[in-house]
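The values are calculated or read from the model by the stated rules, or taken from the named source; none is laboratory data. Nothing here was measured: the structure is a model prediction, and the numbers come from that model. When we count neighbours, we look across all protein chains shown, and the Cβ atoms used for this are built from the backbone with ideal geometry, even at glycine. With ligands, DNA and RNA removed, areas are computed over all heavy atoms of the protein, side chains included. Shrake-Rupley method; radii C 1.70, N 1.55, O 1.52, S 1.80 Å.
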Amino acid sequence: MRKNFVEELRWRGMLAQMMPGTEELLQKEMVTAYLGTDPTADSLHIGHLCGIMMLRHLQRCGHKPIILVGGATGMIGDPSGKSQERNLLNDETLRHNQECIKAQVAKFLDFTPSDSPEGGEPNAAEMVNNYDWMKDFTFLDFAREVGKHITVNYMMAKDSVQQRLNGTARDGLSFTEFTYQLLQGYDFLYLYQHKGVKLQLGGNDQWGNMTTGTELIRRTLGNDVETFALTCPLITKSDGKKFGKTESGNIWLDPKRTTPYRFYQFWLNVSDDDAERYIKIFTSLEKDVIDALIEEHHQDPGRRILQKRLAEEVTVMVHSQADLDMAIEASNILFGKATKEALEKLDEQTFLDVFDGVEKHEISRDQLDQPAIELLTTVAPVFPSKGEMRKMVQGGGVSLNKEKLTDQNRVITTDDLIDGKYLLAQKGKKNYYLLIVK
């Protein structure tokens, strides 16, 4: 008996809407389903993760996932939930972005085809790009073969169109964006005809475009052809704010854009209510494991058991075990006992992420080669006076690069710098100061 995909989404809080008959179809046969993603950047961010996890659960329930990179539609822009048109991308950028996205999604889905030497499964994942079938489709052909099947009245009734027409956007809705639902609908028709796709998955803001696809297929191929749509809710934080956005912007899956340390910290710092929802949505842990974790968390919320397990699971899935280990080690630098070696192991961006928010002082290279007591009072005002610094050094309360300073007159040289440019001073347990040598 095939595992019930709809039931899996339901208990995880990942089911918003579905067309009648969807659950029955999924129980009856191996279904090929697709989800579209926007290729306007060379990395996904955690806002995409719910959709990717839907595909992961789909494959684990025995069905075949297809991820569609919207190379053609990415050149236009989707009005759903947006107040402005997108920037349009060129072909080279789109292809680069597609390859980067596939590498990220391969950590979640098995792309090994069944006829490969390794012997993959019949429900191996595939990636397609709608630019491949749209690039040679002329406007006249599109108007004749696609446009004639869907009335303007039908298109105008969609919420995404109404919101743009009646909203505050000064520019209204361009014809280019208005046609987006037809282009997305044609993707579904093309994939039904060429890949046997019967189900489209997406976020709830896509419902209008997705049902246009099922309607286009019905009107083009006849009433006896059945296709389906299923959406997940748009993920928000418990305070109603947009999920995945921070003061510094998106949380990306690419470690060059968001370090594994910062990525790990994002999940570690979510609220209790959010952790309880997110651990169901963003991990593959089974229901009994999650229920036990929630129960344990409720008994002692201060231990943050849910947040820790959530952060561990998602960091390993997106990055690796080694990245998780480094992120935990980096987290312990601020709050636990660490060594200079631990500091030196961090790459520069992670080092700066760890000490983001601490007081910083820029000094010039020619201000080195003098006693610590001069450097930390006269050059950089870490201490208000030399007397206070002497007292703290005598009491063992001053560290440089996580090593106790026992002599306030020790000369600080370039050999003391982390990464050739940073000196970390610490007063007591929690007060950090970062000297940046220019």
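Side notes on the structure shown:
- Relative contact order of the range 98-235: 18 percent, from C-alpha pairs under 8 Å at least 6 residues apart in sequence.
- In sequence order, the range 98-109 has phi-based couplings of 4, 5, 5, 5, 4, 4, 6, 5, 4, 6, 9, 10 Hz under the Karplus curve 6.51 cos²θ - 1.76 cosθ + 1.60, θ = phi - 60°, and Gly or Pro positions carry x.
- What the phi angles of the range 17-23 give under the Karplus curve with 6.51, -1.76 and 1.60, with θ = phi - 60°, is a coupling list of 9, 8, 6, x, x, 5, 5 Hz, glycine and proline written as x.
- Across the chain, the mean sequence separation of Cα contacts (distance under 8 Å, 6 or more residues apart), normalised by length, yields a relative contact order of 14 percent.
- In summary, the lysines within cross-link reach of K308, defined as a Cα separation below 24 angstrom excluding same-chain residues under 8 places away, comprise K107, K237, K241, K242, K245, K256, K280, K287, K337, K345, K429, K430.
- When each of the peptides 432-438, 121-127 is scored by the mean number of other C-beta atoms lying within 10 Å of its residues, the order from highest to lowest reads 432-438, 121-127.
- Where N is the number of residues in the range 220-286, Cα Rg divided by 2.2 N^0.38 Å: 1.59
- Cβ crowding within 10 Å averaged over residues, with 367-375, 51-59, 413-421 ranked highest first: 51-59, 367-375, 413-421
- Phi to ³J(HN,Hα) by Karplus 6.51 cos²θ - 1.76 cosθ + 1.60 over the range 349-357, Hz, x for Gly, Pro: 5, 5, 4, 5, 5, 4, 9, 5, x
- Amide H to amide H distances under 5 Å link A33 with K64, I66, where only residues 5 or more positions off or on other chains count and H is placed in the peptide plane.
- Per the Debye calculation on the chain with a single equal scatterer at every Cα and no solvent contribution, log₁₀ I(q)/I(0) for q = 0.09, 0.11, 0.13 Å⁻¹ amounts to -0.70, -0.92, -1.14.
- What the range 97-180 shows is 59 Å² of accessible area per residue, with the surface traced by a 1.4 Å probe over protein heavy atoms.
- From the Kirkwood radius over Cα pairs of the range 363-438, Stokes-Einstein at 25 °C and 0.890 mPa s returns a whole-number translational diffusion coefficient of 202 µm²/s.
- S284, S385, reordered so the largest accessible area comes first (probe 1.4 Å): S385, S284
- Relative to one another, the C-alpha centroids of the range 327-341 and the range 1-56 are positioned 39 Å apart.
- For the range 200-337, with all protein chains in place and a probe radius of 1.4 Å, 48% of the accessible heavy-atom surface sits on carbon or sulfur.
- Interchain or long-range residues, amide H under 5 Å from N129's placed H: V69
- For the range 266-392, alpha-carbon Rg relative to the globular expectation (2.2 N^0.38 Å, N residues): 1.47
- Whole-Å distance, taken between Cα centres, linking the range 195-209 and the range 357-399: 60
- Derived from the Cα gyration tensor, the three semi-axes of the equivalent ellipsoid of the range 113-165 are 37, 18, 10 Å, largest first.
- Spin-label model, Q162/D132: points 7 Å from Cα along the beta carbon direction are separated by 3.7 nm.
- The slack in the chain from R390 to T246, taken as 0.36 nm per residue of separation less the alpha-carbon distance, amounts to 47.8 nm.
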